[in-house]
């Protein structure tokens, strides 16, 4: 007698599609097809069964140590977990920032404790190298040995320009220990210069973000990132890539054998820079900003043809009043960058991608689960439907039609940048390690049920 049997669904992985039953026992998949009985039997006839989504790019903990009165992102590990679960995502990757005076290890232990208390989905943590030093670089081997096989670096900071040699040492050390370096690729020096030019002209509207962060600030950083990957002999993961030019640089680098992997986020697939002309255009602000229709088209081509490897939300939601606050300026340090994407990202990709013939069903699974599991050292425990894998499963109704309504969704953010969008397809059941955590539109997961995922070395695609 199994714990759970999902019967009659079209089971989709990155390499196969077949109608079969899935049997679950003790949190793992133990049988595919054949006769089986379970304490709970789910009829998935006429629906897909996908591996649980993996979003390796979320922000559930603050960048700096909170002080009374500070404005923070709307979601913590619990609220963000609920949004993930309702959207068919069962594993997340949180960016972990050291506070002043903390080591990388200090920050990881702090966020591990917070996640153990609050997370309702499984999780990994990416240590953020904010203050490069020899001591920080020396920590990387221990972090990798402990199962934290990724590192986040922001190329947009002044420290990156001032300490580029130490960052290069960090990337090389990370690569030697099987870690994947995640890079925020915007050229900080160019952006700071352009911001000064815009502000000197007396212009501050959010619409001017296009002048302050044009696409060439991204392509310049990607060129440099590729050069760093060559010099360090280390794989890199370009986070939230937004433009055709930057994607082209990554494509050429991969053709020459450089291990460069690309993530994009939903904003760049559905929105263009015209949104900044709206009266409430600040609600769309993210870094990099939304681009042109040509960039959107290039990213869809990249999704379909394998040049883009993962979809990550960069989930960093604010309340609408926070985004539209009068104090919001173009200054990088003051603007409240980030939007909530977790719950809508898989339904949007299915509706706008698979249903419209832009991407195949297998690409959908690769982009939302399998590729991230491989790159971040979790495959085949995560990212597929196979005997022995964690029973992270999503029963998906391809015909459900619904309208995105931010205030009614699980995130504590009170709006969505897609409010009013019509979508076809969504999860009707989410299973995390064999436990049903979402059913009939209700998240049932308890706070703290999520587990940290110990990771192996990054695996090439």
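The values are calculated or read from the model by the stated rules, or taken from the named source; none is laboratory data. This structure is a prediction, so every number in the text was calculated from the model and none was measured. Cβ sites come from the backbone with ideal geometry, for glycine too, and all protein chains shown count toward neighbours.
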Residue under evaluation residue 332, criteria (1) surrounded by 16 or more Cβ atoms within 10 Å (Cβ to Cβ); (2) more than 24 Å from residue 407 (Cα to Cα); (3) at pLDDT 90 or above, criterion not met = (3)
Check region 76-85 and report whether any residue there is assigned to a loop (DSSP other than H, G, I, E, B), surrounded by fewer than 24 Cβ atoms within 10 Å (Cβ to Cβ), modelled with pLDDT of 95 or more and out of contact with any strand residue (DSSP E or B) (no Cβ under 8 Å at 6 or more places or on another chain).
-> yes
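Listed here are the residues, each with its yes/no results for (1) part of a helix (DSSP H, G or I); (2) in contact with a strand residue (DSSP E or B) (Cβ under 8 Å, 6 or more places away or on another chain); (3) crowded, with 19+ Cβ neighbours inside 10 Å.
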| site | (1), (2), (3) |
| --- | --- |
| 252 | yes, no, no |
| 279 | no, no, no |
| 291 | no, no, yes |
| 303 | yes, yes, yes |
Test each condition in (1) farther than 24 Å from residue 75 by Cα; (2) within 20 Å of the chain's Cα centre (by Cα); (3) assigned by TED's automatic domain parsing to the domain that holds residue 86 for residue 368 and report the one that comes out false.
-> (1)
Looking only at region 161-172, which residues are surrounded by 21 or more Cβ atoms within 10 Å (Cβ to Cβ) and either at pLDDT below 95 or under 22 Å from residue 373 (Cα atoms) (or both)?
-> 171
Yes/no for residue 380 being outside any loop (DSSP other than H, G, I, E, B), free of Cβ contacts under 8 Å to residues at least 40 places away in the same chain and out of contact with any strand residue (DSSP E or B) (no Cβ under 6 Å at 6 or more places or on another chain) = no
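To keep it simple, each residue is scored yes or no on (1) out of contact with any helix residue (DSSP H, G or I) (no Cβ under 6 Å at 6 or more places or on another chain); (2) outside the structural domain of residue 22 (by TED's automatic domain parsing); (3) at pLDDT below 95; (4) not in a loop (DSSP other than H, G, I, E, B).
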{"site": "401", "(1), (2), (3), (4)": "yes, no, no, yes"}
{"site": "410", "(1), (2), (3), (4)": "no, no, no, no"}
{"site": "428", "(1), (2), (3), (4)": "yes, no, no, yes"}
{"site": "456", "(1), (2), (3), (4)": "yes, yes, no, no"}
{"site": "460", "(1), (2), (3), (4)": "yes, yes, no, no"}
In region 346-388, what residues are more than 23 Å from residue 22 (Cα to Cα) and out of contact with any helix residue (DSSP H, G or I) (no Cβ under 9 Å at 6 or more places or on another chain)?
-> 351, 355, 356, 357, 375, 376, 377
